Amino acid sequence: MKINFFIFLFTFLFFTSATLADEENTNLSFYTGTFDVIDKEGDDQTTLFGIEHKNPNLFRDTFLGKFKPVSGAFITGDSSVYLYSGVEAQYGIGPLKILPSFAPGYYEKGDGKDLGSILEFKSELKVGIDIFENSKLGYSYSHISNNDWGETNPGTDNQQITFSKNF
């Protein structure tokens, strides 16, 4: 399972870097945190590491705010993998950014928590602050579940610290 994730990550980074050369603006985020932060038994809680890609050129201004596509992946300390693609909104108050998002994705449990389905949905709320030009530091809290479409639906709550950089 770890090999499959690293093949995906290499492919993702290879094609993203090829795209970066052609675009003026791309945002990459790297994050780490705790998977299943509210695990009552404590047996499924582990670390997670991830990467996320956003293209600010694809922002769409609407009366509800700015929206953009987002895609990414993470792996947990128990070899669980989540690959996702969805939409993120952006609201700003000076240097502070509030970024809610929704992303369906593919989940593989590896040696970790069984979420009941390979199709899972991630809802996330991220708060970020501009720390340098074109860089943000943020905190996010996400919930992943299958909306009772799977055999079971235990769900998981996660928290992450994120570093984002525009290239």
Evaluate the distance, in nm, between pseudo-label points positioned 7 Å from the Cα of Tyr91 and of Asn57 along their respective Cα→Cβ axes. 2.9 nm
For region 22-66 and region 81-104, what is the separation of their Cα centres, given in Å? 7 Å
Over region 54-119, what is the mean sequence separation of C-alpha contacts under 8 Å (at least six apart), divided by residue count, expressed as relative contact order in percent? 26 percent
Candidates Glu52, Glu120, Glu41, ranked by Gaussian network fluctuation over the chain, Cα under 10 Å, top entry: Glu41
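Tell me, what is the percent relative contact order of region 2-166, built from C-alpha pairs under 8 Å that lie six or more residues apart? Please list the in-between numbers first.
On the way: 393 pairs, mean separation 32.8, N = 165.
Once divided by the residue count of region 2-166, the mean separation gives 20 percent.
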Lysines near Lys97 by alpha-carbon distance under 22 Å, same-chain residues fewer than 8 away left out - which ones? Lys54, Lys66, Lys68, Lys122, Lys126, Lys136, Lys165
Roughly what angle does helix 2-22 make with the longest principal axis of the chain, taking Cα atoms, 0 to 90 degrees, to the nearest 10? 10 degrees
Cα extents of the chain along the three principal axes, largest first (Å): 43, 33, 27
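Every number in this text was worked out from the coordinates using simple rules, so none of it is lab data. None of the values given here were measured: they were computed from a predicted structure. Cβ sites come from the backbone with ideal geometry, for glycine too, and all protein chains shown count toward neighbours.
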